[in-house]
Amino acid sequence: MASSPSSSPPNAVVTEGFEKRILWKTASAGTAGAALGAFLALGKKTKVLPASLTGAASLGMLSLAFTGAQEYTRALTSSDTPINAAVGGAASGALLFASYGSRPVYGAAIMAALGCSADILFRVLSSSAQSTQEDKPSFWDKIVRKTTDEEREAFLQDRRRRILREDVPEQNAD
């Protein structure tokens with residue numbers, strides 16, 4: 001059963017742009033590692049360049065392991081779930097703990113929990129930002145403040161009125 005060349009695999013949407021995600025996360029971690037290494041070197045009054053390079057290499061490699069495993073899992077499962085971050089965390093945790101002579105299993109468990117938790121937190125915060133823009137109840141409204149439906153509807157009506165007033169050009173009274 002061959003598929004036509006024009007049809008895309010089922011996971012094409014999920015994996016689209018994975019190269020940019022891997023590159024961006026790794027470069028960001030490398031930059032943060034260089035800054036952290038420089039900061040620590042200044043505090044210890046040692047040479048800044050070797051400390052910056054070491055920090056950049058260390059965080060860059062950990063980020064590459066995390067992101068590579070996360071994207072590989074995303075491609076295998078054809079879904080974007082927190083499990084992908086847990087697998088990425090397990091890979092980077094095992095690498096980190098093994099490099100320091102500790103048991104990789106402990107590092108995998110700890111970093112899997114941290115990776116999954118960070119992914120869930122990021123999803124909650126980003127959905128909160130998107131829902132505010134789309135006039136849906138935000139995370140703050142639903143969980144913390146627990147506004148009533150009437151309060152929320154009154155707020156939205158007032159907001160719509162203000163937006164409409166700003167969009168309507170003022171007419172000259174001649």
Could you check Gly101 against (1) modelled with pLDDT of 65 or more; (2) in a helix (DSSP H, G or I); (3) surrounded by fewer than 12 Cβ atoms within 10 Å (Cβ to Cβ) and say which number it fails?
(2)
Answer yes if at least one residue in region 75-82 is assigned to a helix (DSSP H, G or I), at pLDDT 90 or above and within 24 Å of the chain's Cα centre (by Cα), and no otherwise.
no
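Looking only at region 119-148, which residues are modelled with pLDDT of 75 or more and open to solvent by 60 Å² or more (accessible area, probe 1.4 Å)? Lay out the reasoning, then the answer.
Just the residues of region 119-148 that are modelled with pLDDT of 75 or more, to begin with: 119-126.
Within region 119-148, Ile120, Leu121, Phe122, Arg123, Leu125 meet the criteria.
One residue is enough: does region 52-60 have a residue meeting the conditions among the hydrophobic types (A, V, I, L, M, F, W, C), at pLDDT 90 or above and touching a helix residue (DSSP H, G or I) at 6+ places or on another chain (Cβ under 6 Å)? First the steps, then the outcome.
Step one: filter region 52-60 for residues among the hydrophobic types (A, V, I, L, M, F, W, C), giving 53, 56-57, 59.
Next cut, at pLDDT 90 or above only: 53, 56-57.
If we keep only those that are touching a helix residue (DSSP H, G or I) at 6+ places or on another chain (Cβ under 6 Å) as well, we get 56.
Among the residues of region 52-60, at least one is among the hydrophobic types (A, V, I, L, M, F, W, C), at pLDDT 90 or above and touching a helix residue (DSSP H, G or I) at 6+ places or on another chain (Cβ under 6 Å), which makes the answer yes.
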Residue hits (region 27-55; open to solvent by less than 30 Å² (accessible area, probe 1.4 Å) and either in contact (Cβ under 8 Å) with a residue 24 or more places away in the chain or in a loop (DSSP other than H, G, I, E, B) (or both)) are Ala29, Gly30, Gly33
Which of the numbered conditions does Asp158 fail, given that it passes all the others? Conditions: (1) outside any loop (DSSP other than H, G, I, E, B); (2) modelled with pLDDT of 85 or more.
(2)
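The values are calculated or read from the model by the stated rules, or taken from the named source; none is laboratory data. None of the values given here were measured: they were computed from a predicted structure. With ideal geometry, Cβ positions are generated from the backbone for all residues, glycine too; neighbour counts draw on all protein chains shown. Just so you know, the surface numbers come from the protein's heavy atoms only, side chains and all, with ligands and any DNA or RNA stripped out. Shrake-Rupley method; radii C 1.70, N 1.55, O 1.52, S 1.80 Å.
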